[in-house]
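Asker: Just passing along the structure, written as structure tokens.
The values are calculated or read from the model by the stated rules, or taken from the named source; none is laboratory data. Since the model is a prediction, treat every value here as computed from it, not as a measurement. For neighbour counting, all protein chains shown are included, and Cβ atoms are generated from backbone atoms with ideal geometry for every residue, glycine included. These accessible areas exclude ligands, DNA and RNA; they are computed on the full protein's heavy atoms, side chains included. Shrake-Rupley method; radii C 1.70, N 1.55, O 1.52, S 1.80 Å.
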Amino acid sequence: MGWAIAIHGGAGDIPLSLPPEKRLPREAGLRRCLEVGIAALKARNHPLDVVELVVRELENHPNFNAGKGSVLTTSGTVEMEASIMDGKTMKCGAVSGVSTVVNAISLARLVMEKTPHIYLAFDGAEAFAREQGLETVEMSHFITPENIERLKQAQEADRVQIDYTQPIQKETPKDAAVADGDSQIGTVGCVAVDNEGNLATATSTGGLVNKMVGRIGDTPVIGAGTYANHLCAVSATGRGEAIIRGTVARDVAAVMEFKGISLKEAAAYVIDRVPPGTAGLITVSSTGEITMPFNTTGMFRACATEDGYSEIAIWDSPSK
């Protein structure tokens, strides 16, 4: 047994022709955030602190769809969501509809630790953040020129657009676009386990490009996009509606427990049960096993273990 960590920056229809100016900053961001997590685990920080720290770094990276860099709603606004969960105690916290809080994941943790509740949203979450003294900024802080352009493209195509999708031609039939593109890829997440087998997970997102105002995805739904118990920690990314329907994150732990199979087998089983092109997972077990399966074209991901193994990848085999 040893520590292990995995992070993701979203899964989806990531083209092999993704331009270097879009690929390289994300790979560099994953590498830096992985190094931050490794250092924290080596310093014997609790996994709950580690996953919060790493996801804060990912939220602050403008090339991922969380925090600064969050995608925009139909109204051109930002509505961020996040959740965090401790495997040993199964305590958790979640937020939705956050538009001024610099790090939504830290607000989710405060909901877990400072309230009798699990989930706060919109005005209530914003008020609680101010009450707790979290850093807040104008909404414009989170909006990047790239996401303004992506919203424009999605609105011109009249669709809710998958993150990493290349520009769509206006003449694309509306029905085909909707059937193929109702997605909110681009979530970030981190899972970690320490030398004592303590597990934690954290997930954060800006949501869908051109999503309806008020729409909530899988990220803050405990058991859908985020889950941890004594067996494993899971963070999901993909089409939120499909992940919620499949209770994807909880199912990994449930299949491990009730079928008595390994983390890798359980995660593969769960991914196989959701529609193709809809989901990716990062998972760690209490014994330090890591698996990062996806059934999309690619998933920005990275991992490391105490024995020296590390990986930063986007495409490769969906079975890995």
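Asker: Output the number of the condition that Gly9 fails; it satisfies all remaining conditions of (1) part of a helix (DSSP H, G or I); (2) under 22 Å from Leu107 (Cβ atoms).
Answerer: (1)
Asker: Starting from segment 29-41, keep only residues that are surrounded by fewer than 22 Cβ atoms within 10 Å (Cβ to Cβ), then list their pairs with residues that are of a type outside the set (Val, Ile, Thr) whose Cβ atoms are within a distance under 6 Å, requiring at least 6 positions of separation or different chains.
Answerer: Taking only residues 6 or more apart or on different chains, the pairs are Val36/Glu57; Ile38/Ala304.
Asker: Also, quick follow-up: Do any strands (runs of 3 or more DSSP E) entirely within segment 224-320 hold 3 or more residues that are surrounded by 24 or more Cβ atoms within 10 Å (Cβ to Cβ), and if so, which? Spell out the reasoning first.
Answerer: Values: elements: 226-228, 232-238, 279-285, 298-305, 310-313.
Qualifying strands (runs of 3 or more DSSP E): 226-228, 232-238, 279-285, 298-305.
Asker: Something else: Can you tell me which residues in segment 133-158 are loosely packed, with under 15 Cβ neighbours inside 10 Å and in contact with a helix residue (DSSP H, G or I) (Cβ under 8 Å, 6 or more places away or on another chain)?
Answerer: Asp158
Asker: Inside segment 204-219, can you point out the residues that are open to solvent by less than 10 Å² (accessible area, probe 1.4 Å) and among the small types (Gly, Ala, Ser)? Spell out the reasoning first.
Answerer: So in segment 204-219, the residues open to solvent by less than 10 Å² (accessible area, probe 1.4 Å) come out as 204-209, 211, 217-219.
Ser204, Gly206, Gly207, Gly217, listed by residue number.
Asker: Still on this structure: Exactly one of these conditions fails for Tyr164: (1) at pLDDT 95 or above; (2) surrounded by 20 or more Cβ atoms within 10 Å (Cβ to Cβ); (3) out of contact with any helix residue (DSSP H, G or I) (no Cβ under 6 Å at 6 or more places or on another chain); (4) over 30 Å from Arg44 (Cα atoms). Give me its number.
Answerer: Tyr164 satisfies every listed condition except (1).
Asker: Filter segment 12-28 down to residues that are open to solvent by less than 50 Å² (accessible area, probe 1.4 Å) and assigned to a loop (DSSP other than H, G, I, E, B) and give me whichever is nearest to Thr201 (Cα to Cα).
Answerer: Looking at the filtered set, the residue picked out is Ile14.
Residues are listed down the side, and each one gets a yes or a no for (1) in contact with a strand residue (DSSP E or B) (Cβ under 6 Å, 6 or more places away or on another chain); (2) basic (Lys, Arg):
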| position | (1), (2) |
| --- | --- |
| Pro62 | no, no |
| Ser75 | no, no |
| Glu81 | yes, no |
| Thr100 | yes, no |
| Leu110 | no, no |
| Pro116 | no, no |
| Ala127 | no, no |
| Arg130 | no, yes |
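Asker: Here is a follow-up. Could you check Met112 against (1) more than 18 Å from Gly214 (Cβ to Cβ); (2) in a helix (DSSP H, G or I); (3) at pLDDT below 95 and say which number it fails?
Answerer: Failed condition: (3).
Asker: Output the number of the condition that Glu57 fails; it satisfies all remaining conditions of (1) buried (at least 21 other Cβ atoms within 10 Å of the Cβ); (2) in contact (Cβ under 8 Å) with a residue 40 or more places away in the chain.
Answerer: (2)
Asker: Select from segment 35-69 the residues that are modelled with pLDDT of 95 or more and small (Gly, Ala, Ser) and list them in ascending order.
Answerer: Those that are modelled with pLDDT of 95 or more and small (Gly, Ala, Ser): Gly37, Ala39, Ala40, Ala43, Ala66, Gly67.
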